[in-house]
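**Student:** Please see the structure below; I have some questions.
Quick note: the coordinates plus some simple rules give every number you see, no bench work behind them. Since this is a predicted model, take the numbers as computed values, not measurements. Note that we place each Cβ from the backbone using ideal geometry, even for glycine, and neighbour counts take in every protein chain shown.
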Amino acid sequence: MREPVRGVRSGAVVTVMAAALLLAACGGGSSGSSAPTTSSPSRSAAGATTTQTVTISNFMFEPMAASVAPGSTVTVANKDSVTHTLTATGGQFDTGDIPGGQTKTFTAPMKAGTYHYICNIHQYMMGTIVVR
């Protein structure tokens with residue numbers, strides 16, 4: 001059997017460790033932006049989110065369907081330059097006018113169910129909130 005060359009093996013270990021440290025350092029920082037994000041919403045025991053952000057961009061809601069816990073806080077961030085609303089078609093919630101670049105919040109209904117919403121100004125913009 002051949003004996004491994006210690007210098008090469010040690011160098012490989014150092015390289016792998018350096019790469020792991022570099023990746024960890026890149027992933028843990030803040031982007032410096034205070035804009036809301038949907039990347040890591042809080043979750044309830046039932047799997048529905050307790051906080052959710054809906055972003056309006058290019059005359060679309062993102063996500064178009066969100067699952068939240070009863071009474072959750074929903075933040076609506078308007079990234080467009082024009083005013084929008086997020087209004088339940090059954091009247092359960094309504095942000096009112098959200099000017100371009102602004103953010104508003106509302107409380108999700110306490111009753112489980114599927115709630116459809118639109119923008120009252122641009123009624124072709126639609127989405128759904130599922131309360132679980």
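**Student:** Restricting to the range 92-121, give me the number of residues that are farther than 27 Å from Ser81 by Cβ, exposed (fewer than 13 other Cβ atoms within 10 Å of the Cβ) and more than 20 Å from the chain's Cα centre (by Cα).
**Tutor:** Here the count works out to 4.
**Student:** So, one more: Six or more apart or on different chains, Cβ atoms under 7 Å: show the pairs whose first residue is in the range 95-123 and in contact (Cβ under 8 Å) with a residue 60 or more places away in the chain and whose second is among the small types (Gly, Ala, Ser) and part of a strand (DSSP E or B).
**Tutor:** Cβ pairs passing all conditions: Thr103/Ala77.
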